1. State which entries of B:K5/B:K63; A:K77/D:K77; A:K100/D:K115; B:K46/B:K115; A:K63/B:K5 exceed 21 angstrom in Cα-Cα distance in the structure shown.
2. Across the residues of B:55-67, average count of Cβ atoms on other protein chains within 10 Å?
3. About the Cα centre, and with charges only on the beta carbon of Lys, Arg (+1) and Asp, Glu (-1), how big is the dipole of the range A:2-133? Nearest 20 debye, please.
4. So how tilted is helix C:26-41 from the main axis of chain C? Cα-based, degrees 0 to 90, rounded to 10.
5. Mean projection of the alpha-carbon convex hull of chain C over all orientations, in nm²?
6. Around B:T75, under 13 Å between beta carbons, what's the net of Lys plus Arg minus Asp minus Glu among the other residues?
7. Tally Lys and Arg at +1 and Asp and Glu at -1 over the other residues with C-beta under 12 Å from the C-beta of D:Y95: what net charge comes out?
8. Report, as an integer, the average count of C-beta atoms from other chains found within 10 Å of each Cβ along D:120-130.
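Read-outs: derived from the displayed coordinates by stated rules, not from any lab. All values reported here derive from a predicted model rather than from experimental measurement. Heads up, the Cβs are rebuilt from the backbone with ideal geometry, glycines too, and the neighbour counts pull from every protein chain shown.
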4 protein chains.
Amino acid sequence: MIENKTSFRVRYAETDQMGIVNNANYPTYYEIGRTELFRELGLSYKIIESAGIILPLADLFVKYHRPALYDDMLTIKTCIKEWPASRIRFDYSIYNEDEKLVNEGYTTLAYLDAKSRRPMRIPPMVVELLQPYF
Amino acid sequence: MIENKTSFRVRYAETDQMGIVNNANYPTYYEIGRTELFRELGLSYKIIESAGIILPLADLFVKYHRPALYDDMLTIKTCIKEWPASRIRFDYSIYNEDEKLVNEGYTTLAYLDAKSRRPMRIPPMVVELLQPYF
Amino acid sequence: MIENKTSFRVRYAETDQMGIVNNANYPTYYEIGRTELFRELGLSYKIIESAGIILPLADLFVKYHRPALYDDMLTIKTCIKEWPASRIRFDYSIYNEDEKLVNEGYTTLAYLDAKSRRPMRIPPMVVELLQPYF
Amino acid sequence: MIENKTSFRVRYAETDQMGIVNNANYPTYYEIGRTELFRELGLSYKIIESAGIILPLADLFVKYHRPALYDDMLTIKTCIKEWPASRIRFDYSIYNEDEKLVNEGYTTLAYLDAKSRRPMRIPPMVVELLQPYF
């Protein structure tokens with residue numbers, strides 16, 4: 001298993017008139033989590049893309065536990081629990097400064113060839129990166 | 001069962017550098033769907049809020065089938081399949097101009113008192129609105 | 001001079017905790033305006049891009065007059081007032097349902113070759129499109 | 001004069017299909033700048049709002065110099081150059097990791113009473129905070 005913890009602050013534009021973070025921001029917060037997990041392992045997602053591989057989402061799930069508020073410093077824990085052979089699943093949980101669970105969820109991403117847009121097996125550069133953890 | 005169909009056009013800002021609609025826009029598209037379903041029934045979500053009721057999300061699921069592209073005219077079908085006693089679940093499916101399925105998913109929303117932020121049973125104004133369909 | 005009028009509805013996600021449309025949404029609303037102006041003339045911006053031309057912003061100005069609210073049906077008037085020789089300037093004004101001015105502004109866009117990312121003169125397909133109006 | 005420097009990373013969702021940061025994200029980046037300037041001075045914007053004061057935008061200007069890219073670590077310099085008697089103007093400049101100027105601009109914000117939504121003079125808590133610098 002691989003885990004990363006990253007913190008970021010809620011922006012004013014991310015709130016809505018309920019006075020809480022709008023539900024539609026969490027997929028973007030999840031993207032921060034997986035980007036930083038890759039970076040911690042030594043591979044920026046930018047490099048993956050420049051190798052001609054894209055990772056679009058296959059599915060997304062979010063379970064909202066409590067609202068996050070403007071200016072909250074949130075911490076996202078991102079992990080890969082299973083060997084990502086044909087798709088890669090990330091699990092996320094977001095905590096506020098009181099260490100209360102705001103939200104948890106997952107995304108599954110496919111490996112696609114950027115040109116043909118066809119699915120591919122796990123790219124060698126990702127295998128090399130993740131193998132030590134499984 | 002209640003169903004609504006609404007169309008809207010993809011904005012440039014909603015694309016990302018993969019050249020497709022960024023995954024994080026779909027929760028907002030789903031919001032368009034449920035807003036228009038309420039409007040078709042004769043109740044704007046604005047009125048629900050001004051009655052002191054808010055409907056934050058409890059969960060969200062999205063299954064991405066094929067990418068949507070800039071300037072696509074998308075059609076979202078939104079439906080309520082079950083009597084929404086303590087929570088209200090909306091199911092969505094989004095189609096492109098070729099009537100291909102782009103994406104499907106659901107959201108579950110809680111009924112909260114806007115002031116106390118405590119859960120409540122289905123509000124009478126929503127009962128009155130939906131009862132003819134169940 | 002060329003003018004277009006287009007209407008669209010404010011989304012919930014576009015509000016912020018002040019209870020109004022967040023200031024950062026107006027550049028995207030302006031994009032709706034210029035997209036629809038091009039479409040009315042018979043040229044989608046999509047076609048311009050597939051001809052290898054991109055139009056990134058050179059500058060943007062917004063003057064906020066009164067807030068727009070959730071679910072407002074806004075109307076944006078977009079116009080090109082001067083022959084767009086080396087850059088193209090769009091002027092915008094946004095009105096609410098009471099025909100009150102919400103907001104006005106402008107954007108200047110450059111013509112760039114999509115591959116080289118170098119500035120170019122007004123593309124022939126844009127000349128052809130706009131010439132009847134000047 | 002008061003100046004603040006803050007860094008943040010470009011998110012994938014902030015790019016568009018031109019492969020650059022979409023123009024509409026800069027107003028939100030500017031909001032990060034002014035939030036952090038206030039925080040450095042010891043006053044979170046959250047506290048200002050809880051004192052019943054809101055600061056909506058009166059105007060916004062952005063001059064785009066060069067594109068920012070996905071995953072760029074950007075630095076925003078925010079400053080208040082003049083005593084903000086009836087409105088407060090922030091000037092911004094954004095630099096990439098090569099210290100090249102990406103973008104510069106300004107916003108003017110009004111002081112409003114959150115309840116009446118009427119303009120007010122500079123609030124005492126802001127006077128106290130800024131006076132040492134002018």
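1. Numbers: B:K5/B:K63 19 Å; A:K77/D:K77 30 Å; A:K100/D:K115 31 Å; B:K46/B:K115 16 Å; A:K63/B:K5 26 Å.
A:K77/D:K77; A:K100/D:K115; A:K63/B:K5, as the Cα separations exceed 21 Å there.
2. Mean partner shielding for this stretch: 6.
3. 520
4. 50
5. So the Cα hull casts an average projection of 8.3 nm².
6. Residues near B:T75 contribute -3 overall.
7. Numbers: positive: D:K5, D:R66, D:K77, D:K100; negative: D:D72, D:E97, D:D98, D:E99, D:E104.
Net charge around D:Y95: -1.
8. Per residue, the average neighbour count from other chains is 0.
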